Amino acid sequence: MTLTLDAVVLHQVRLPLVSPFTTSFGTETERLALMLEARTTVSVGGVSREVTGWGECVAQEEPTYSSEYVAGAQAVLVDHLLPRLFAAQRERPLSAETVGEVLAPVVGHPMAKAALEMALLDAQLCAAGTSFADYLGVTVDRVPSGVSVGIQDDVPTLLGVVQDYLDQGYRRIKLKIKPGRDVEPTRAVRERFGDVPLQVDANAAYTLADAGVLRRLDAFDLLLIEQPLAEDDLRQHALLAAQLQTPVCLDESVVSVARAADALALGAASIINIKPGRVGGYLEARRIHDLCRASGAAVWCGGMLETGLGRAANAALAGLPGFTLTGDISGSDRFYAVDLTPPVVMEDGCVAVRREPGLGDHPEPARLEEFGVGRLVVEAPRP
(Lines give C-alpha, C1' and ligand atoms only; values in the text may rest on other atoms or scores of the structure.)
Protein backbone atom coordinates (compact mmCIF):
# COMPACT_ATOMS: atom_id res chain seq x y z
CA MET A 1 0.00 0.00 0.00
CA THR A 2 1.29 3.45 -0.92
CA LEU A 3 -0.14 6.62 0.58
CA THR A 4 -0.02 10.01 -1.13
CA LEU A 5 -1.01 13.15 0.73
CA ASP A 6 -2.95 15.31 -1.73
CA ALA A 7 -4.16 18.09 0.59
CA VAL A 8 -4.87 18.99 4.19
CA VAL A 9 -7.87 21.05 5.23
CA LEU A 10 -7.40 22.88 8.52
CA HIS A 11 -10.69 23.46 10.33
CA GLN A 12 -10.86 25.83 13.30
CA VAL A 13 -13.96 25.24 15.44
CA ARG A 14 -15.10 26.94 18.63
CA LEU A 15 -16.93 24.56 20.98
CA PRO A 16 -18.69 25.80 24.14
CA LEU A 17 -17.98 23.80 27.30
CA VAL A 18 -20.80 22.38 29.39
CA SER A 19 -19.42 24.27 32.41
CA PRO A 20 -16.34 26.43 33.11
CA PHE A 21 -13.15 24.45 33.72
CA THR A 22 -10.67 26.09 36.11
CA THR A 23 -7.06 25.06 36.69
CA SER A 24 -4.01 26.90 38.00
CA PHE A 25 -3.57 28.23 34.43
CA GLY A 26 -6.99 29.93 34.37
CA THR A 27 -10.63 29.29 33.46
CA GLU A 28 -11.92 28.02 30.13
CA THR A 29 -15.55 28.36 29.00
CA GLU A 30 -15.02 27.20 25.41
CA ARG A 31 -12.41 25.46 23.32
CA LEU A 32 -10.93 26.65 20.07
CA ALA A 33 -9.96 23.40 18.36
CA LEU A 34 -7.89 22.77 15.25
CA MET A 35 -9.00 19.72 13.25
CA LEU A 36 -6.99 18.35 10.32
CA GLU A 37 -8.66 16.66 7.35
CA ALA A 38 -6.01 14.76 5.37
CA ARG A 39 -7.08 13.95 1.82
CA THR A 40 -5.01 11.09 0.52
CA THR A 41 -4.78 8.72 -2.41
CA VAL A 42 -4.10 5.11 -1.48
CA SER A 43 -2.83 2.62 -4.04
CA VAL A 44 -2.99 -1.14 -3.51
CA GLY A 45 -2.13 -3.58 -6.29
CA GLY A 46 -2.35 -0.89 -8.93
CA VAL A 47 -5.81 0.23 -7.79
CA SER A 48 -6.08 3.75 -6.37
CA ARG A 49 -8.79 5.30 -4.25
CA GLU A 50 -9.29 8.43 -2.17
CA VAL A 51 -9.20 8.04 1.61
CA THR A 52 -9.70 10.78 4.19
CA GLY A 53 -8.07 10.73 7.61
CA TRP A 54 -8.62 13.08 10.52
CA GLY A 55 -6.34 14.45 13.22
CA GLU A 56 -6.94 16.71 16.20
CA CYS A 57 -4.48 19.30 17.48
CA VAL A 58 -4.79 19.67 21.26
CA ALA A 59 -3.07 23.05 21.49
CA GLN A 60 -5.10 25.63 23.38
CA GLU A 61 -6.07 29.09 22.22
CA GLU A 62 -3.41 30.73 24.40
CA PRO A 63 0.14 29.49 25.21
CA THR A 64 -0.51 28.86 28.90
CA TYR A 65 -0.39 25.07 29.24
CA SER A 66 2.50 24.91 26.78
CA SER A 67 4.28 27.18 24.32
CA GLU A 68 2.00 25.92 21.55
CA TYR A 69 -1.31 27.57 20.71
CA VAL A 70 -3.85 27.18 17.93
CA ALA A 71 -2.80 30.05 15.66
CA GLY A 72 0.86 29.12 16.05
CA ALA A 73 0.16 25.44 15.38
CA GLN A 74 -1.68 26.31 12.19
CA ALA A 75 1.15 28.60 11.07
CA VAL A 76 3.85 25.97 11.60
CA LEU A 77 1.74 23.35 9.85
CA VAL A 78 1.21 25.56 6.80
CA ASP A 79 4.69 27.09 6.58
CA HIS A 80 6.93 24.23 7.69
CA LEU A 81 5.43 20.82 8.44
CA LEU A 82 3.21 20.29 5.42
CA PRO A 83 5.82 21.51 2.91
CA ARG A 84 8.30 18.98 4.36
CA LEU A 85 5.80 16.12 4.02
CA PHE A 86 4.88 17.13 0.49
CA ALA A 87 8.57 17.26 -0.46
CA ALA A 88 9.39 13.96 1.28
CA GLN A 89 6.71 11.98 -0.53
CA ARG A 90 8.25 12.91 -3.87
CA GLU A 91 11.38 11.04 -2.78
CA ARG A 92 9.99 7.96 -1.02
CA PRO A 93 6.66 6.40 0.07
CA LEU A 94 4.90 8.20 2.90
CA SER A 95 3.41 6.52 5.98
CA ALA A 96 2.33 7.51 9.47
CA GLU A 97 5.40 5.74 10.84
CA THR A 98 7.76 8.01 8.88
CA VAL A 99 6.10 11.32 9.75
CA GLY A 100 8.15 11.83 12.91
CA GLU A 101 11.43 11.29 11.04
CA VAL A 102 10.46 13.67 8.23
CA LEU A 103 9.40 16.42 10.63
CA ALA A 104 12.28 15.99 13.10
CA PRO A 105 14.36 18.87 11.67
CA VAL A 106 11.62 21.28 12.81
CA VAL A 107 12.41 21.92 16.46
CA GLY A 108 9.54 21.57 18.94
CA HIS A 109 5.84 21.88 18.05
CA PRO A 110 4.86 18.36 19.19
CA MET A 111 1.12 19.10 19.20
CA ALA A 112 1.13 20.25 15.59
CA LYS A 113 3.25 17.25 14.58
CA ALA A 114 0.98 14.90 16.52
CA ALA A 115 -2.12 16.16 14.71
CA LEU A 116 -0.52 15.56 11.33
CA GLU A 117 0.71 12.09 12.27
CA MET A 118 -2.75 11.29 13.66
CA ALA A 119 -4.50 12.29 10.42
CA LEU A 120 -2.18 10.14 8.30
CA LEU A 121 -2.44 7.24 10.72
CA ASP A 122 -6.23 7.45 10.53
CA ALA A 123 -6.16 7.45 6.73
CA GLN A 124 -3.70 4.56 6.67
CA LEU A 125 -5.79 2.44 9.05
CA CYS A 126 -9.04 3.25 7.26
CA ALA A 127 -7.49 2.18 3.98
CA ALA A 128 -6.26 -1.07 5.52
CA GLY A 129 -9.59 -1.78 7.25
CA THR A 130 -7.77 -1.92 10.62
CA SER A 131 -8.84 -0.35 13.90
CA PHE A 132 -6.37 1.67 15.96
CA ALA A 133 -6.82 -0.80 18.82
CA ASP A 134 -5.86 -3.73 16.59
CA TYR A 135 -2.90 -1.76 15.21
CA LEU A 136 -1.65 -1.27 18.78
CA GLY A 137 -2.38 -4.87 19.76
CA VAL A 138 -4.97 -3.93 22.37
CA THR A 139 -7.09 -6.86 23.54
CA VAL A 140 -9.45 -5.26 26.07
CA ASP A 141 -12.92 -4.11 25.04
CA ARG A 142 -13.21 -1.13 27.38
CA VAL A 143 -11.17 1.05 29.74
CA PRO A 144 -12.13 2.61 33.09
CA SER A 145 -12.98 6.29 33.13
CA GLY A 146 -11.65 8.89 35.55
CA VAL A 147 -12.62 12.54 35.77
CA SER A 148 -10.67 15.75 36.30
CA VAL A 149 -12.44 18.21 38.59
CA GLY A 150 -11.58 21.86 38.09
CA ILE A 151 -10.98 24.27 40.96
CA GLN A 152 -14.35 25.26 42.43
CA ASP A 153 -15.45 28.47 44.15
CA ASP A 154 -15.79 26.81 47.55
CA VAL A 155 -15.65 23.43 49.28
CA PRO A 156 -19.45 22.79 49.37
CA THR A 157 -19.60 23.34 45.60
CA LEU A 158 -16.63 21.01 45.11
CA LEU A 159 -18.28 18.27 47.17
CA GLY A 160 -21.44 18.59 45.11
CA VAL A 161 -19.52 18.32 41.84
CA VAL A 162 -17.59 15.26 43.03
CA GLN A 163 -20.79 13.61 44.23
CA ASP A 164 -22.38 14.13 40.83
CA TYR A 165 -19.41 12.56 39.04
CA LEU A 166 -19.41 9.57 41.38
CA ASP A 167 -23.15 9.17 40.79
CA GLN A 168 -22.42 9.09 37.06
CA GLY A 169 -20.06 6.17 37.63
CA TYR A 170 -16.56 7.64 37.30
CA ARG A 171 -13.97 5.26 38.74
CA ARG A 172 -11.40 7.85 39.88
CA ILE A 173 -11.43 11.51 40.94
CA LYS A 174 -8.66 13.99 40.14
CA LEU A 175 -8.71 17.40 41.86
CA LYS A 176 -7.03 20.40 40.32
CA ILE A 177 -5.13 22.32 43.00
CA LYS A 178 -3.09 25.51 43.36
CA PRO A 179 -1.52 27.38 46.30
CA GLY A 180 -4.20 28.20 48.84
CA ARG A 181 -6.67 25.79 47.24
CA ASP A 182 -5.05 22.46 48.02
CA VAL A 183 -5.02 20.86 51.49
CA GLU A 184 -8.50 21.76 52.69
CA PRO A 185 -10.39 20.85 49.49
CA THR A 186 -8.51 17.53 49.34
CA ARG A 187 -9.23 16.84 53.00
CA ALA A 188 -12.92 17.59 52.49
CA VAL A 189 -13.22 15.20 49.54
CA ARG A 190 -11.38 12.42 51.35
CA GLU A 191 -13.48 12.81 54.50
CA ARG A 192 -16.78 12.95 52.60
CA PHE A 193 -16.17 10.13 50.10
CA GLY A 194 -13.94 7.76 52.03
CA ASP A 195 -11.65 5.48 50.05
CA VAL A 196 -12.62 6.67 46.55
CA PRO A 197 -9.51 6.57 44.30
CA LEU A 198 -8.22 10.14 44.52
CA GLN A 199 -5.32 12.12 43.07
CA VAL A 200 -4.42 15.79 42.65
CA ASP A 201 -2.98 17.84 39.80
CA ALA A 202 -1.00 21.01 40.42
CA ASN A 203 -0.21 21.95 36.80
CA ALA A 204 3.25 23.25 37.84
CA ALA A 205 1.79 25.76 40.30
CA TYR A 206 4.27 25.20 43.16
CA THR A 207 7.98 25.61 43.92
CA LEU A 208 10.31 23.52 46.06
CA ALA A 209 9.74 26.04 48.86
CA ASP A 210 6.16 24.69 49.06
CA ALA A 211 7.34 21.19 50.01
CA GLY A 212 5.91 21.59 53.51
CA VAL A 213 2.43 22.25 52.15
CA LEU A 214 2.67 19.37 49.68
CA ARG A 215 3.79 17.00 52.46
CA ARG A 216 0.47 17.69 54.19
CA LEU A 217 -1.23 15.96 51.28
CA ASP A 218 0.46 12.70 52.31
CA ALA A 219 -2.23 12.32 54.98
CA PHE A 220 -4.94 11.69 52.39
CA ASP A 221 -3.64 8.45 50.81
CA LEU A 222 -3.55 9.88 47.29
CA LEU A 223 -2.75 7.83 44.21
CA LEU A 224 -0.33 10.55 43.12
CA ILE A 225 0.39 14.25 42.91
CA GLU A 226 0.72 15.37 39.31
CA GLN A 227 3.24 17.95 38.06
CA PRO A 228 3.77 19.90 41.28
CA LEU A 229 6.75 21.96 40.03
CA ALA A 230 7.88 23.71 36.86
CA GLU A 231 7.91 21.61 33.73
CA ASP A 232 11.59 22.22 32.95
CA ASP A 233 13.01 21.22 36.36
CA LEU A 234 13.49 17.48 36.75
CA ARG A 235 16.17 17.98 39.42
CA GLN A 236 13.84 19.80 41.81
CA HIS A 237 11.12 17.23 41.18
CA ALA A 238 13.61 14.56 42.27
CA LEU A 239 14.37 16.53 45.44
CA LEU A 240 10.66 16.93 46.16
CA ALA A 241 9.84 13.27 45.47
CA ALA A 242 12.37 12.25 48.12
CA GLN A 243 10.42 14.31 50.67
CA LEU A 244 6.94 13.00 49.90
CA GLN A 245 5.17 9.74 50.61
CA THR A 246 2.71 10.48 47.80
CA PRO A 247 4.08 9.30 44.44
CA VAL A 248 5.04 12.11 42.06
CA CYS A 249 3.64 11.93 38.52
CA LEU A 250 4.95 14.08 35.67
CA ASP A 251 2.81 15.55 32.92
CA GLU A 252 4.04 18.77 31.29
CA SER A 253 7.68 17.77 31.90
CA VAL A 254 7.45 14.69 29.68
CA VAL A 255 7.51 15.68 26.02
CA SER A 256 9.29 12.60 24.60
CA VAL A 257 10.44 9.11 25.43
CA ALA A 258 13.93 10.51 26.11
CA ARG A 259 12.53 12.97 28.64
CA ALA A 260 10.53 10.19 30.29
CA ALA A 261 13.69 8.09 30.58
CA ASP A 262 15.53 11.01 32.20
CA ALA A 263 12.71 11.61 34.69
CA LEU A 264 12.64 7.97 35.78
CA ALA A 265 16.44 7.71 36.00
CA LEU A 266 16.68 10.85 38.15
CA GLY A 267 13.87 9.78 40.47
CA ALA A 268 11.87 12.85 39.48
CA ALA A 269 8.76 10.69 39.06
CA SER A 270 7.57 7.12 39.51
CA ILE A 271 4.43 7.62 37.39
CA ILE A 272 4.01 9.21 33.95
CA ASN A 273 0.88 10.84 32.53
CA ILE A 274 0.91 10.19 28.78
CA LYS A 275 -0.87 12.75 26.62
CA PRO A 276 -0.35 11.86 22.95
CA GLY A 277 -0.54 15.44 21.72
CA ARG A 278 1.97 16.67 24.28
CA VAL A 279 4.58 14.03 23.36
CA GLY A 280 4.31 14.37 19.59
CA GLY A 281 1.76 11.71 18.70
CA TYR A 282 0.37 8.27 19.42
CA LEU A 283 3.46 6.45 18.18
CA GLU A 284 5.70 8.30 20.63
CA ALA A 285 3.06 7.72 23.31
CA ARG A 286 3.35 3.99 22.68
CA ARG A 287 7.14 4.21 22.97
CA ILE A 288 6.80 5.95 26.35
CA HIS A 289 4.36 3.25 27.46
CA ASP A 290 6.85 0.55 26.45
CA LEU A 291 9.71 2.29 28.27
CA CYS A 292 7.73 2.71 31.48
CA ARG A 293 6.44 -0.85 31.40
CA ALA A 294 9.99 -2.16 31.04
CA SER A 295 11.10 0.13 33.88
CA GLY A 296 8.27 -0.85 36.22
CA ALA A 297 6.76 2.65 36.19
CA ALA A 298 3.00 3.08 35.98
CA VAL A 299 1.39 5.16 33.24
CA TRP A 300 -2.07 6.58 32.64
CA CYS A 301 -3.69 8.48 29.79
CA GLY A 302 -4.36 12.16 30.33
CA GLY A 303 -6.79 14.37 28.45
CA MET A 304 -6.75 17.77 26.72
CA LEU A 305 -10.49 18.44 26.25
CA GLU A 306 -10.44 16.34 23.08
CA THR A 307 -13.48 15.90 20.88
CA GLY A 308 -14.86 12.44 20.23
CA LEU A 309 -12.12 11.82 17.65
CA GLY A 310 -9.33 12.18 20.20
CA ARG A 311 -11.34 10.53 22.97
CA ALA A 312 -11.82 7.35 20.96
CA ALA A 313 -8.11 7.22 20.09
CA ASN A 314 -7.13 7.83 23.74
CA ALA A 315 -9.40 5.00 24.86
CA ALA A 316 -7.64 2.59 22.50
CA LEU A 317 -4.21 3.75 23.68
CA ALA A 318 -5.27 3.30 27.31
CA GLY A 319 -6.06 -0.33 26.56
CA LEU A 320 -2.34 -1.16 26.39
CA PRO A 321 -1.24 -3.29 29.36
CA GLY A 322 1.04 -0.70 30.96
CA PHE A 323 -1.86 1.68 31.60
CA THR A 324 -2.52 0.33 35.07
CA LEU A 325 -3.96 3.57 36.47
CA THR A 326 -7.34 4.98 35.48
CA GLY A 327 -7.03 7.80 32.94
CA ASP A 328 -8.94 10.98 32.18
CA ILE A 329 -11.14 9.24 29.61
CA SER A 330 -14.79 10.14 29.63
CA GLY A 331 -17.89 10.44 27.51
CA SER A 332 -18.40 13.39 25.19
CA ASP A 333 -20.94 14.99 27.52
CA ARG A 334 -18.18 15.55 30.11
CA PHE A 335 -17.21 18.75 28.27
CA TYR A 336 -19.48 19.21 25.25
CA ALA A 337 -23.26 19.30 24.96
CA VAL A 338 -22.75 18.74 21.23
CA ASP A 339 -19.58 17.09 19.92
CA LEU A 340 -18.15 17.15 16.42
CA THR A 341 -18.51 13.37 16.17
CA PRO A 342 -21.28 11.03 17.29
CA PRO A 343 -21.11 10.98 21.10
CA VAL A 344 -18.57 8.88 22.97
CA VAL A 345 -20.53 7.23 25.77
CA MET A 346 -19.42 6.21 29.26
CA GLU A 347 -21.31 3.18 30.60
CA ASP A 348 -20.75 1.52 33.98
CA GLY A 349 -17.72 3.73 34.55
CA CYS A 350 -15.99 2.67 31.33
CA VAL A 351 -15.54 3.81 27.73
CA ALA A 352 -15.60 1.23 24.95
CA VAL A 353 -12.54 0.59 22.80
CA ARG A 354 -13.50 1.06 19.16
CA ARG A 355 -12.93 -1.74 16.63
CA GLU A 356 -14.01 0.00 13.43
CA PRO A 357 -11.28 0.89 10.90
CA GLY A 358 -9.33 4.03 11.77
CA LEU A 359 -9.08 5.97 15.00
CA GLY A 360 -12.77 6.65 15.54
CA ASP A 361 -15.77 8.49 14.08
CA HIS A 362 -14.96 11.42 11.82
CA PRO A 363 -16.33 14.93 12.46
CA GLU A 364 -19.75 15.49 10.96
CA PRO A 365 -19.86 18.15 8.20
CA ALA A 366 -22.90 19.82 9.79
CA ARG A 367 -21.06 20.21 13.09
CA LEU A 368 -17.98 21.62 11.38
CA GLU A 369 -20.17 24.19 9.70
CA GLU A 370 -22.12 24.98 12.87
CA PHE A 371 -19.06 25.58 15.05
CA GLY A 372 -16.53 26.49 12.38
CA VAL A 373 -14.67 29.80 12.63
CA GLY A 374 -11.98 29.20 10.01
CA ARG A 375 -11.08 26.87 7.17
CA LEU A 376 -7.88 26.67 5.12
CA VAL A 377 -6.99 24.24 2.33
CA VAL A 378 -3.31 23.42 1.74
CA GLU A 379 -2.72 21.39 -1.41
CA ALA A 380 0.36 19.42 -2.38
CA PRO A 381 2.38 21.16 -5.13
CA ARG A 382 1.81 19.72 -8.56
CA PRO A 383 4.74 17.77 -10.06
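Evaluation of Thr27 against the conditions (1) polar (S, T, N, Q); (2) surrounded by fewer than 13 Cβ atoms within 10 Å (Cβ to Cβ); (3) over 23 Å from Asp153 (Cα atoms) shows that the sole unmet condition is (3). Every test in (1) more than 24 Å from Thr341 (Cβ to Cβ); (2) modelled with pLDDT under 95 is passed by Val78 save one, and that test is (2).
Condition (residue is surrounded by fewer than 24 Cβ atoms within 10 Å (Cβ to Cβ), among the small types (Gly, Ala, Ser), part of a loop (DSSP other than H, G, I, E, B) and touching a residue at least 60 places away in the same chain (Cβ under 8 Å)) applied to the range 98-121: is it met by at least one residue? No, because not a single residue in the range 98-121 is surrounded by fewer than 24 Cβ atoms within 10 Å (Cβ to Cβ), among the small types (Gly, Ala, Ser), part of a loop (DSSP other than H, G, I, E, B) and touching a residue at least 60 places away in the same chain (Cβ under 8 Å).
Just a yes or no: is a residue in the range 181-194 within 23 Å of Gly331 (Cα to Cα) and in contact (Cβ under 8 Å) with a residue 40 or more places away in the chain? No, because not a single residue in the range 181-194 is within 23 Å of Gly331 (Cα to Cα) and in contact (Cβ under 8 Å) with a residue 40 or more places away in the chain.
Can we say Ser66 is of a type in the set (Gly, Ala, Ser), under 23 Å from Ser131 (Cβ atoms) and either surrounded by 15 or more Cβ atoms within 10 Å (Cβ to Cβ) or in contact (Cβ under 8 Å) with a residue 60 or more places away in the chain (or both)?
On the way: of a type in the set (Gly, Ala, Ser): yes; under 23 Å from Ser131 (Cβ atoms): no; either surrounded by 15 or more Cβ atoms within 10 Å (Cβ to Cβ) or in contact (Cβ under 8 Å) with a residue 60 or more places away in the chain (or both): yes.
Here the answer is no, as Ser66 does not meet what is asked.
The lone criterion from (1) over 20 Å from Gly302 (Cα atoms); (2) in contact (Cβ under 8 Å) with a residue 40 or more places away in the chain; (3) basic (Lys, Arg) left unmet by Arg92 is number (2). A residue that is closer than 26 Å to Val200 by Cβ, among the aliphatic types (A, V, I, L, M) and assigned to a helix (DSSP H, G or I) cannot be found anywhere in the range 331-353. Output yes when any residue across the range 231-240 is at pLDDT below 95, touching an Asp or Glu at 6+ places or on another chain (Cβ under 9 Å) and closer than 22 Å to Gly303 by Cβ, and no when none is. There is at least one residue in the range 231-240 that is at pLDDT below 95, touching an Asp or Glu at 6+ places or on another chain (Cβ under 9 Å) and closer than 22 Å to Gly303 by Cβ.
Would you mind listing the helices (runs of 4 or more DSSP H) fully within the range 271-329 where at least 2 residues are out of contact with any strand residue (DSSP E or B) (no Cβ under 8 Å at 6 or more places or on another chain) and within 19 Å of Val353 (Cβ to Cβ)?
Details: elements: 276-279, 282-295, 308-317.
Result: 282-295, 308-317.
Residues checked against (1) within 17 Å of Arg142 (Cβ to Cβ); (2) at pLDDT below 95; (3) aliphatic (A, V, I, L, M); (4) surrounded by 20 or more Cβ atoms within 10 Å (Cβ to Cβ):
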residue: Leu320; (1), (2), (3), (4): yes, no, yes, yes
residue: Ile329; (1), (2), (3), (4): yes, yes, yes, yes
residue: Met346; (1), (2), (3), (4): yes, yes, yes, yes
residue: Pro357; (1), (2), (3), (4): no, no, no, no
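The values are calculated or read from the model by the stated rules, or taken from the named source; none is laboratory data. Since we're looking at a predicted model, the values are computed, not measured. Cβ sites come from the backbone with ideal geometry, for glycine too, and all protein chains shown count toward neighbours.
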